[in-house]
Amino acid sequence: MDNSHFFVTGDPMIYGADVSIILVSLAIIIYLTYFKKWGWLWREWITTVDHKKIGIMYLLSSLLMLFRGGVDAVLMRIQLAVPNSHFLASEHYNEIFTTHGTIMILFMAMPFMFALFNMVVPLQIGARDVAYPFLNAVSFWLFFLGAMLLNISFVIGGSPNAGWLSYAPLSENDFSPGPGQNFWIWGIQISGIGSLMTGINFVVTILKMRTPTMRLRDMPLFSWSVLASSIAILGVFPIFTATLAMLTIDRLLGGHFFTMTGGGNPMMWVNLIWMWGHPEVYIVVLPAFGVFSEIVATFSKKRIFGYASMVFSMIAISIVSYYTWVHHFFTMGAGANVNIVFAICTMIIAIPTGVKVFNWLFTMYRGRIRITQPMLWFMAFVPCFLVGGATGVMLAAAPADYQYHNSYFLIAHFHQVLIGGVVFGYLAGMYYWFPKIFGIKLNERLGKWAFWTWQIGFYVCFMPQYALGFMGMTRRMYTYNSTMGWDMGWAPLNMISTVGAFLMGIGFIFQVWQILYSIKHGERDVTGDAWDGRTLEWSIPSPPPVYNFAILPVVKGRDAWWYQKQEMQKGSYQKEAVKYEPIHMPNNSGIPFLMAVCFFIAGFGFTFEWWWMGIAGLIGVFITLFARSFQYNTDHFISVEEIERTENALRNHGSIHRTAN
Amino acid sequence: MSNQEHTASIKAYVTGFILSIVLTVIPLVLVLNHMMGKAALTVSILLAAVLQFVVQLFFFMHIRDGEGPRYNVMALILGIIFVVTIVAGAIWIMSFNSQVQ
């Protein structure tokens, strides 16, 4: 392999990035040293196994990655704004669309989703932590260092450029020599292992860690959506891991799974990667559905309409999503029989999704609706997802797909469901649960500015792309000539689309401003129940103490906290004498971080085919596993006195003691 | 934690290990010595694989453990559905390869 260009050279934007990376790193190091924060960083964050802190770290990283992916998007839109543009070199353009897709799905959507899992699920089911807190920390650090491994590729070694799913044979050694493609493989392989662990963790947490009185049929819908999504993770992430391992064997050891020669079958790559890739989009959208179910019920002051059908439709989506993957490659020509089966399955999946939308609308019907920030994002989601879903059904019609395939029509469709569904959903969730985790409400005024710039930007950006698709513009097109630009009318639509992308970027800046402003000046929530909520997370103080529930809550049915509040108002609520017991909690550990660092070293080594470094990293991984196996001091008890002290402090701090006991 | 309910013991692990090795060696010997025709060979290899899967479930994966809801069995059924989908689906979809060549 050609390693002569260890540092990427030649492009002034890359040099700019080099300089800014060095300056930011220096600033962070100086800050931490000057304020003597290294110990704090290590004790409070790097070694933490607390699900709330891990959730916060997931949230921060995903917002950071949203910025990186967003910059990629804006660069692409600038390149395409006018015909015959040479703003980016063609090679650089390929790299940017590759990293944009990879980062947005795997390093923005997935961690944002895990942030919500971690911040909400244990609180919602009355648990004190996830089932495997240590494993949870391992998951986070594997994700984080996997993401960093992919991200350094644009200054060291060169970015991958074979598209976000790196179709073989383009991603094989013959056509993609050099370390870029290896960065892609190892970055997402390492973080994918972390995702699989999180899936296991939350399935077990939801099945085993609920407060003893909570039956599955009383569980809040967000937790149900996490269960459905986690089961889908268990089903497909092993395929992902195995498929990446096969490509690794091809590239590193000279295998022929997906090569053009030696009996390889490149289409098998497409088949396998979409077996993971399609369920993956349902994995990320299901929790967004869960978020909306909580928000609509809370802000309509009604219990959710059709709880059972909501649960059933989520489970149906997570199962049927396994049987739709071929619709990504109808044009492969597997024959009418294959295509029709998968086309029908794809259309079927629209039914449970439609059921959910109707249930949300019926929940709002005759409800006492409050238009808050989370509710705004929900109301933006409905029409957006509806149009996205309808264009999806158009694409699902196999014969018609031969026309739309890989055109800008497709680009517009999947951005509409992924932004309109996933991003709007997660942002709604962030606005909804931010007061719970941080004890701060996000500023309303800045939030509305962000909301409207996002909304307008979205439609200005993506509606023209449907038209561009019909006009014949294909995805991943680097530039177009002036005949296409002016005579065929591509240029004006592309220009409009670029304006929309900038508007969304401004929306994001508003959100960053909003978060920073609110941390400093935002309204403090001292009640623990910022929105007059219905589920258990609102029954404890904000931010919750480290053990969440001083006493495990008693659940008498759905929307447990809502009915308890009603009983409290009527005065019929029997407050039992508070009797604390010592709480069993896990110890912090530095091993998850060190293990992930070893994985990073291994990944970096194999990326450059430096076997000594790769093997050294793997040995490091085994040493950390070994060390953990012989660690016996892994947990501790919080004493009754300490619980009393904490609870009294929370009460005196102004927050009314409203724990469900 | 109490381990009383676990069916595992050193003996069980060793038995499972030996059975797994035997079931791995059989197809290897069959292939290396060209002892069968193609169809018979494929069936034998698949049979050994399925048997080894069962051995691992019983001796290593504690499939018989636990009480209450049968999560083990449910997970197993789900896993089998996934595997059948992947293998049968991929074979079916990729059969176009022989048609176009």
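General observations
- Check on A:F600, within 30 Å of the chain's Cα centre (by Cα) and of a type outside the set (D, E): yes
- Spans of helices (runs of 4 or more DSSP H) in the stretch B:33-101 with at least 1 residues modelled with pLDDT of 85 or more and either more than 11 Å from chain A (Cβ to nearest Cβ) or surrounded by 15 or more Cβ atoms within 10 Å (Cβ to Cβ) (or both): B:38-59, B:71-94
- Hey, A:L170 surrounded by fewer than 20 Cβ atoms within 10 Å (Cβ to Cβ) and under 28 Å from A:Q465 (Cα atoms) or not: yes
- Just so you know, in the stretch A:242-254 the residues that are touching a Gly at 6+ places or on another chain (Cβ under 8 Å) and open to solvent by 40 Å² or more (accessible area, probe 1.4 Å) include one that is farthest from the other protein chains (Cβ to nearest Cβ), and it is A:I249.
- Among the numbered conditions (1) farther than 30 Å from A:Q189 by Cα; (2) buried (at least 18 other Cβ atoms within 10 Å of the Cβ); (3) aliphatic (A, V, I, L, M), the only one that A:A596 does not meet is (1).
- Any chance A:S223 is within 14 Å of chain B (Cβ to nearest Cβ) and open to solvent by less than 10 Å² (accessible area, probe 1.4 Å): no
- Whichever residue in the stretch A:199-218 is surrounded by fewer than 22 Cβ atoms within 10 Å (Cβ to Cβ) and of a type in the set (A, V, I, L, M) and, among such residues, is nearest to the other protein chains (Cβ to nearest Cβ): A:L207
- Qualifying positions in the stretch A:610-637 - part of a helix (DSSP H, G or I) and acidic (D, E): none
- Restricted to the stretch A:509-524, and to residues there that are farther than 21 Å from A:V423 by Cβ and surrounded by fewer than 21 Cβ atoms within 10 Å (Cβ to Cβ), the residue that is modelled with the highest pLDDT is A:Y517.
- Per-region count, the stretch A:22-48, residues within 21 Å of A:N588 (Cα to Cα) and open to solvent by 100 Å² or more (accessible area, probe 1.4 Å): 5
- Entirely in the stretch A:255-364, the helices (runs of 4 or more DSSP H) that have 3 or more residues that are within 14 Å of chain B (Cβ to nearest Cβ) and under 20 Å from the mean Cα position of the chain (by Cα): A:266-300
- When the stretch B:1-18 is limited to residues that are of a type in the set (A, V, I, L, M) and either open to solvent by 70 Å² or more (accessible area, probe 1.4 Å) or assigned to a loop (DSSP other than H, G, I, E, B) (or both), the one that is modelled with the lowest pLDDT turns out to be B:M1.
- Complete set of residues in the stretch A:228-285 that are closer than 23 Å to A:N173 by Cα and hydroxyl-bearing (S, T, Y): A:T241, A:T243, A:T248, A:T259, A:T261
- Any hit, the stretch A:86-97, residues being under 30 Å from A:F434 (Cβ atoms) and open to solvent by 60 Å² or more (accessible area, probe 1.4 Å): no
- Inspection of the stretch A:222-236 identifies no residue that is assigned to a helix (DSSP H, G or I), over 25 Å from A:Y322 (Cα atoms) and not hydroxyl-bearing (S, T, Y).
- Those residues of the stretch A:542-571 which are of a type outside the set (S, T, Y) and assigned to a helix (DSSP H, G or I), in sequence order: A:A560, A:W561, A:W562, A:Q564, A:K565, A:Q566, A:E567, A:M568, A:Q569, A:K570
- Filtering the stretch A:599-640 to residues that are more than 23 Å from A:R251 (Cβ to Cβ), free of Cβ contacts under 8 Å to residues at least 40 places away in the same chain and open to solvent by 60 Å² or more (accessible area, probe 1.4 Å) leaves A:F622, A:I623, A:L625, A:F626, A:S629, A:F630, A:Y632.
The values are calculated or read from the model by the stated rules, or taken from the named source; none is laboratory data. This is a predicted model, so every value here is computed, not measured. Glycine gets a Cβ as well: all are built from the backbone with ideal geometry, and neighbour counts include every protein chain shown. Surface accessibility is based on the protein's heavy atoms, side chains included, excluding ligands, DNA and RNA. Shrake-Rupley method; radii C 1.70, N 1.55, O 1.52, S 1.80 Å.
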